[in-house]
1. Given the condition within 21 Å of A:ALA180 (Cα to Cα), at the interface with another protein chain (Cβ under 8 Å from one of its Cβ atoms) and not acidic (Asp, Glu), answer yes or no: does some residue in region B:6-21 qualify?
2. Here are A:LYS134, A:LYS169: which of them is over 15 Å from A:ILE242 (Cα atoms) and modelled with pLDDT of 95 or more?
3. Tally up the residues in region B:136-155 that are among the acidic types (Asp, Glu), surrounded by 16 or more Cβ atoms within 10 Å (Cβ to Cβ) and without any contact (Cβ under 8 Å) to a residue 60 or more places away in the chain, please.
4. Considering each of A:SER231, A:SER166 in turn, give the residue that is crowded, with 19+ Cβ neighbours inside 10 Å and among the small types (Gly, Ala, Ser).
5. Suppose the filter is assigned to a helix (DSSP H, G or I), facing another protein chain (nearest Cβ under 9 Å) and under 30 Å from B:ARG111 (Cβ atoms); does A:LEU77 pass it?
6. Please state which of the following conditions B:CYS52 fails to meet, knowing it meets all the rest: (1) under 14 Å from the mean Cα position of the chain (by Cα); (2) closer than 26 Å to A:GLN237 by Cα.
Amino acid sequence: MEKNKRALDHIRGLVEKLNKSVQNDITLEDIAYVSFTYRFRLKIANESQVILFERSIIDDLEVAIDKYQGTEYFAGLDSSVKFTIYISLGQLGLLGNFSISEELINDKRQWIKAYRIDTNFNEEMTAVLYEGLKDILSSLNSQLEEHKRMKIESNEIEENIKWVESLIKYYDKNKHLNSAGAEIKNLQFLKAAAVNQIFGLEKLRSQENRPTTWRALNSKVYDIVKELRKSPFLDVQLPSFIYDISAVRRG
Amino acid sequence: MKELFLSATYTDQKDCIEEVKSKLAELGVRAWHFKEGEFYNGRIDIHSHDRCIELVEQIPNYLLIVSYRAGAFYEGGDKSYNGLTVTHSEFKAAFKATKKDQNRRLYPFVRKEVWNIFNTWKDLVNRQEYPENWEIDRNLFPLLSDLKSLSWIDTFDTSLDLKEMIAKKVGYFV
């Protein structure tokens, strides 16, 4: 396929890279173009799977490879195609215990700097965010105690604790986390709360032997990921303390 | 906060639309889009396509993004939109409302290749001779014909152009 060759090769490279990170062998069988869609047929776990990429994103990626390599715009397109692959295969359970949280915390794109947006989370997502905030608070409190014991600077941790506490109080008072005009910092903390829950679910999933429970945990992971790939979270950069949380979670 | 109705097919340009919503929020503009939780505002007495039309009529600014796909056909209760796509119906409603109220604004953006192919097709003597390698959804043509009646439209090459143009145009007027 000559048209958009570099963009298609780029995706081929992403599939090959993913193959090295997962247990199942993934091989790209062919690429076809059918009515505005590029269809990548992969063989994984002895089954054929098709991943679809819309023409508009492939067209954009072809131009970006030529003109915008190394820019945030290119990173955003790269992130879009990567997560299309992860979500398409991951939600079917075909990526095994692949750590999508790692991809989320290392995601790169053009992050929004200042922003106010109305938020309206469904009941399930609200529960994920609230539990995540409580968990982050406990983790930050432990880290603060350690800093105090070692007599080292802890202003940043104290500030983050205050912010998490204010969000928890907001939920306790209103029984929701919706807001008319949520600010960027609140959204960063809420995104961190969701990623924190993914860390926890991934850990449980990696220890789980019962296929039914494994599938349910895996499905929950990707349901949260799909929410994070939409407004208001997609363009919100995770706060830097997510690396501390990640380090603790991964032992 | 200013408001705007965002009209575009979604599944074929999902991340782009989400990024546009963020860009608009950054400009202080609240985008009404059917994928937002509060879009239906608890309404269960109205077809989702008619809720779109209702909101287009209520919200003073209308942003249209046209790429390769035409999207689903209108299935609501207003017969005047029968045979049109949802996006086209939304545009018709916005156009009608703008004719009545000059303070309203339309912001149409069309992918350049789509616009160029459409214009070449319009100039064909025999329009049935549609070359197979012209890869756009022909169901877009009625909407594109209507867009021709506007004094201007903006065309974009990539989603990067689109976001920059939106920031410039919408940010200036809204």
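1. Checked region B:6-21: at least one residue is within 21 Å of A:ALA180 (Cα to Cα), at the interface with another protein chain (Cβ under 8 Å from one of its Cβ atoms) and not acidic (Asp, Glu).
2. A:LYS169
3. The total comes to 1.
4. Working: A:SER166 fails: crowded, with 19+ Cβ neighbours inside 10 Å.
After ruling out the rest, the residue left standing is A:SER231.
5. Answer is yes for this residue.
6. (2)
Results for (1) in contact with a Ser or Thr (Cβ under 7 Å, 6 or more places away or on another chain); (2) within 11 Å of chain A (Cβ to nearest Cβ); (3) at pLDDT below 90, shown as yes or no for each residue.
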residue	(1), (2), (3)
B:ASP50	no, no, no
B:ASN61	no, no, no
B:ALA72	yes, no, no
B:ARG127	no, no, yes
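Results for (1) over 26 Å from B:GLY71 (Cα atoms); (2) within 14 Å of another protein chain (Cβ to nearest Cβ); (3) touching a helix residue (DSSP H, G or I) at 6+ places or on another chain (Cβ under 7 Å), shown as yes or no for each residue.
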position	(1), (2), (3)
A:ALA7	no, yes, yes
A:LYS17	yes, no, no
A:PHE83	no, yes, no
A:ILE105	yes, no, yes
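The values are calculated or read from the model by the stated rules, or taken from the named source; none is laboratory data. These numbers come from a predicted model, not from an experiment. Methodologically, a virtual Cβ is constructed for each residue, glycine included, from the backbone with ideal geometry; neighbour enumeration extends over all protein chains shown.
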